[in-house]
Each structure stands twice: as structure tokens, then as C-alpha cells.
Protein chains: 2
Amino acid sequence: MTTTLVNGVPANCIDVHDRGLHYGDGLFETFAVINGEPALWDRHMQRLRLSCQRLNFPNFLGPDLALLRSEALSLCSGETQGVLKIIITRGSGGRGYRAPPPLSAQVTRILALYPWPDYPMAFWSEGVAVRVCATRLGWNPALAGIKHLNRLEQVLARSEWDDANVPEGLMLDIQGNVIEGTMTNLFVVRNGQLLTPDVSQCGVAGVMRSWILAYARTAGIPSAIAALALEEVISADEVFLCNSVIGIWPVREIMGIPGCSFQVNGPITSDIMAKLRDSAVS
Amino acid sequence: MTTTLVNGVPANCIDVHDRGLHYGDGLFETFAVINGEPALWDRHMQRLRLSCQRLNFPNFLGPDLALLRSEALSLCSGETQGVLKIIITRGSGGRGYRAPPPLSAQVTRILALYPWPDYPMAFWSEGVAVRVCATRLGWNPALAGIKHLNRLEQVLARSEWDDANVPEGLMLDIQGNVIEGTMTNLFVVRNGQLLTPDVSQCGVAGVMRSWILAYARTAGIPSAIAALALEEVISADEVFLCNSVIGIWPVREIMGIPGCSFQVNGPITSDIMAKLRDSAVS
């Protein structure tokens, strides 16, 4: 079975001079695949298009997105439940940071299909324990928000622990604000208001985060993007994590902080999880 | 002629699941090759070893460095003048930031030989004009100093201009301090003292920078690592850029800043350039 396409062709390798390898000069999107269909496709493509603009990617416009969709559907065909990762790089280039001229350049597109991760069902029904990572997110406004391939901070943070019962760690920025998990966005509920950290200095503007913010607006749930100190997370009424693959995990406790536990089936978390289930996007 | 070795074997491609591609989870070193010999080998290996420790790289100890050297010498054999780039990644891994367990992991080593860049001789003899980049370096203390593969800021900065007569741009950090060029480190001379920016929040601790600092100590040139505002660079007596390939380029002027020009053959710059020539390390 083909699980990887490189520029439309089944392949296990990429050019050793690809700028994705040399500089992390690229972007990625990770999809839940449900019954052969990559979920939230349009939202992912919207972010990908915006991210390509932020990085001045050449020749990556409408027609390429249609090509990407046909390749994704062909790769995911017959897959009941899985994960699709799409990587787009600026293509191959000589030595040096300078990108090839846009007109001569050709992006590399990589589509890879992975098995569904085997997280226990209890992560959804009973919530998860998370830890606080020591690795801080730097401030990189030129890169903040987009899902680029420069992910060493997440790798370092994720290497801080090895415990299958603790699936995620919270990352603070260099000023001590809580920004996100290593692979998830964070929401808290305080006094009936849904809050998620600002990602204009660092962090990823997740597709599931944007789905939740959009739903909150239509459902009349008061919501805001805000700076969140760790103390404000600790004293929140409800806390949850989200991404395109897991959907939503309620947070049960923050490890290492005595007495810190949260209502797992809080009203706002439950409402959003139910809507997500009904929408079948994760 | 073989110009690329992947794990010791001539190859043009790497595994599509390599963590160097997916996360920039790797390091690189760039060498001037002179008469078949990669210059400043020991200094490069010292930085590589330290960087591997910073990133918790598995299984990369003494014996691997000897292997790396034998592969480098074999690739560079007969090359009068060229550039060698060595990339070390954490190897292949599944989807997800979590690294494979160290004992089962195998780094990927890529050695690539490139032609010598055709910069005009005048860049050394008459100095270079540089610009000030709009792209700022973020603060990422967990990654600062090491030469890792997360290089999108440098790519964005280098894409700001396209003029072969302007070979470099200065990058400021998010607080407005001048840190380095996109591919070079920066030194200034003020009141007889040699200064280079601190790279503990961002920037690369370059091998040529460390050679120059070591030489300054032995030669009795007063030197210090310091925060440098753009105004302090503008009002400096001498300014130069360095890296392992170019050695030293005196800076002649900073474009866009009226009246900003520097003494190209200043005493300290000339002294260090002469020593570098005598040492034949670039």
C-alpha cells in the first residue's frame, strides 16, 4: 500500500538538497482522516495558503491546492481512520539561505499517511494529566502563528518526559505566559468566558483552535484571545487541549502543582466536544 | 564525481521520514575546503559535539567523529578550493515530536561538497556594503548559539533583497540589538576594543567568531562580548563580518544610513585578516 507521495509519485525519499531539510524552509498540515476524507480540509488549506504568503512561497496558488486535494484523496482512499501529514517545502536549492528566484522555483509536496494514534479513550472521557515543560517558546514574530518546519523547541520540550499516561506538556513563552501544548492549542474557561492564548509572538494558530473560536462565536459563548499567566490557567474552571487529530482532550490536572485539578465535564468543554462529535471533523 | 554522501554512501536523497526534514531536528557545519582539507576541523567538531549535547542527540560520540573525518577527507580529496557542508539529523522517526529512544536511534549524516562561491575579490580588499534587514531574530534561549536546522528567519531575511553587490544584511533582535549577519558573525572596533554581540538569546556562535576571539586574547587585543545597539555599530571605527567560508569581509558602509562609512583597512581588522591569511584557515 502506498503511504507516501512525493510530488505526486510514490516515494520513500526526497532530494538531499531540499530546503525543507537544510533550513526547515517549509510548512506542514496534519489531518484526521475519517472514512477516506481528510477532515477540515478547507480550514487547513486556508492556513496553508496564508502561511505560503507569509513565507513568500512561489507558484503555490489555486491549481496546486486542487492537485493537493486529488493526491490526498487518492492516498487516503479506503482509510477508515488515520492521520495525513502534508509537507510543502520551497523545493531544492543550492547552498545558502537565498531562495531560488520564484519563477524558476518549484515547491516540493510530500503527503504521508500514518496509522491513527492509539491514545486511550479515557483521555477524552476522563481528561488528561499534563505537565509544565521547562523548555520555553522563544518570541519569533516573523514566524509566529504559522505551522512551519522549524520545530526544535517542540522536540526539546517533548523530550523532557517519557510517560504514556502524560500525553502533553504545556509550554510557556520567555515571559512566562502559557501559550500552548507541544502539539496542541490550549483553551481555558474562566467565569464563563472561553480564553485561548495569543499566538502573535510564538505558537501555532491551530486549525482546531480556529474551528472552536468560530463555533464559540456562532453559539454565543463569550470568547477572547488573551495573555494567560500560569496562575490564570491553574485557577481556571475548565481547561482543555485541542488539535486536528485528537479533537479535544479535557485537562484533568497539571502535574507538580499541588491541588491543581479541573472539572473534566465542565459545561463549556462538554458543549464544544458534543458539537465537534456531531460535526464529525475529528 | 561524488559530491554527496548519506551515511557514508553516495546518494542524492534521504528518507522522507527524516526528522531533519520534519522538524529541522538537526545541526550543520560549513567548512572552507583548502587543498582537500576541511579548515578548522577541530573547532567545528567541538561546536558539533556541544550542539549534539544541547539537543540530546543519541549515540554521537568520539568514534562517529572519526568516521565523519574519514568521510569528509574522502569526499574532499583532490578539491583545491570548495565548501563542505555536514548535516547531522536525529535520524528517522515516526510522526510526532517525541524522539525515538536514544538506544534505538541512529543519526543521519549528510556530507555535501559545493563549489567555492564566486564573490569578487573586492569584498575582501575594499570591503562590503551591507543592509539592515527588516526581519528580526526572535529570542530562543533553548536554541541560541548552536547551528541547528531551524533557519527560517535567515531565509526570510535573505529574501529581502536581490543585489549581488550587497552580499550581506545585518539582523537585529526583537529588542533592537544588532546580533549578526544572515550568514556571518559581526565584529566592531570601538575605541581600540574589539566587540562582538552576545548570542545567548539568539544568533549563532560561529566557528570563525571563536577563532577571532581566541586570536584576540593571545594577541593582546582588548575584546569583549557585548550588547550592541545599531547606533553603536554605526558609530564604530571598524566593522567586519566573518564566517568559516569567507574568513573576514571588512564592512565599507551600511546602506540606507546617510554618511555611514567605515575605515576598511583599520588596524585591528587588518591585523586579524593578516593572521587569518597566515594561518591558512580560510
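The values are calculated or read from the model by the stated rules, or taken from the named source; none is laboratory data. Values in this document were obtained by computation on a predicted structure and should not be read as measured data. A quick note on method: Cβ atoms are made from the backbone with ideal geometry, for glycine too, and the neighbour counts reach across all protein chains shown.
Here are the numbers for the structure shown:
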| quantity | calculated |
| --- | --- |
| Matching residues, the stretch B:124-133, being away from chain A (no Cβ under 14 Å) and either outside any loop (DSSP other than H, G, I, E, B) or of a type in the set (S, T, N, Q) (or both) | B:Trp124, B:Ser125, B:Val128, B:Ala129, B:Val130, B:Val132 |
| Any hit, the stretch B:99-111, residues being buried (at least 20 other Cβ atoms within 10 Å of the Cβ), in a loop (DSSP other than H, G, I, E, B), in contact with a Lys or Arg (Cβ under 7 Å, 6 or more places away or on another chain) and within 9 Å of chain A (Cβ to nearest Cβ) | yes |
| Search result, residues across the stretch A:142-193 that are of a type in the set (A, V, I, L, M, F, W, C), more than 10 Å from chain B (Cβ to nearest Cβ) and buried (at least 17 other Cβ atoms within 10 Å of the Cβ) | A:Leu170, A:Met171, A:Leu172, A:Val178, A:Ile179, A:Leu186, A:Phe187, A:Val188, A:Val189 |
| Matching entry among B:Ile234, B:Ile221, B:Ile257 (being modelled with pLDDT under 95 and farther than 19 Å from B:Trp124 by Cβ) | B:Ile257 |
| Filter result for A:Ala134 (small (Gly, Ala, Ser), over 30 Å from B:Pro117 (Cα atoms) and out of contact with any helix residue (DSSP H, G or I) (no Cβ under 9 Å at 6 or more places or on another chain)) | no |
| Count - residues of the stretch B:198-220 that are within 24 Å of A:Ile174 (Cα to Cα) and more than 14 Å from the chain's Cα centre (by Cα) | 3 |
| Evaluation of A:Pro117 against (1) under 22 Å from A:Thr30 (Cα atoms); (2) surrounded by 20 or more Cβ atoms within 10 Å (Cβ to Cβ) (one fails), failing number | (2) |
| The stretch A:6-17 - residue that is at the interface with chain B (Cβ under 7 Å from one of its Cβ atoms) and crowded, with 16+ Cβ neighbours inside 10 Å and, of those, farthest from B:Ser159 (Cα to Cα) | A:Cys13 |
| Residue check, B:Leu241 surrounded by fewer than 22 Cβ atoms within 10 Å (Cβ to Cβ) and either within 29 Å of B:Asn150 (Cα to Cα) or not assigned by TED's automatic domain parsing to the domain that holds B:Ile86 (or both) | no |
| Conditions (1) at pLDDT 95 or above; (2) within 12 Å of chain B (Cβ to nearest Cβ); (3) surrounded by fewer than 20 Cβ atoms within 10 Å (Cβ to Cβ); number of the one not met by A:Thr3 | (1) |
| Leading residue by the ranking (nearest to the other protein chains (Cβ to nearest Cβ)) among those in the stretch B:18-54 that are assigned to a loop (DSSP other than H, G, I, E, B) and more than 15 Å from the chain's Cα centre (by Cα) | B:Gly24 |
| Single match in B:Leu67, B:Leu75 (criterion: farther than 27 Å from A:Asp163 by Cβ, modelled with pLDDT of 95 or more, hydrophobic (A, V, I, L, M, F, W, C) and outside any strand (DSSP E or B)) | B:Leu75 |
| Meets criteria (in contact with a Phe, Trp or Tyr (Cβ under 7 Å, 6 or more places away or on another chain) and surrounded by 15 or more Cβ atoms within 10 Å (Cβ to Cβ)) for B:Val204 | no |
| Residues (of a type in the set (S, T, N, Q) and part of a helix (DSSP H, G or I)) located in the stretch A:261-282 | A:Thr269, A:Ser270, A:Ser279 |
